[in-house]
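The structure appears right after this line, and notes come after that.
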Amino acid sequence: MRNFIASTLIEASAIFVFGSQLGIHGVIWGMSFGIVLIALLNFLSVSRVIGFSLDIRSWIKVGFCCAAMMIFGQSTFVFMSHAGFPLLWTVAGSIAAAWFTYVVSLISTNAVKRHDIQRIPLLRKVFP
């Protein structure tokens, strides 16, 4: 009950602040903020009761890898578009660059361990 009251008050404040400056988009941002906040508060309450713990470092690593994938994919798309490549090759190249960046960053940050990769049948020969 306390989680709901706290999130509702903060959501109403966020809707007022964001809505007055950004219009309907600000109201949507404020409502979304409230939904995320109530979910986070409920998760923390339940995890405290059942003794669940979450390794936040692995989530931060994956978040960093996703950000790197986004940056390299977007920059590859812009570069290939301005270089005059056809749209098919531009999209394929940016997807390949984003995927390659994601895999390399997952391996380099040790978010995916070698024994995780070895469970994939096609990659057993690449990573013995």
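All of the numbers you see were taken from the coordinates with simple rules; none came from a lab. Since this is a predicted model, take the numbers as computed values, not measurements.
The table below lists the values:
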quantity	calculated
All-pairs alpha carbon distance profile, segment 80-128, 5 Å steps from 0, percent	5, 19, 17, 19, 13, 10, 11, 7, 1
Residue of Ala98, Ala12, Ala68 that the Gaussian network model of the chain assigns the largest fluctuation, springs spanning Cα pairs under 10 Å	Ala12
Equivalent-ellipsoid semi-axes of segment 1-74, from the Cα gyration tensor, Å, largest first	26, 24, 6
Mean Kyte hydropathy of 1.6 or more with a Cα span along the axis of at least 30 Å, helices from DSSP in the chain	24-50, 87-108
Cα centroid separation, segment 26-85 to segment 98-127 (Å)	21
Solvent-free Debye scattering, log10 I(q)/I(0), computed from the Cα coordinates of the chain at q = 0.10, 0.19, 0.23 Å⁻¹	-0.61, -1.00, -1.11
Cα-based equivalent ellipsoid of segment 40-115: semi-axis lengths in Å, sorted from largest, via gyration tensor	36, 15, 8
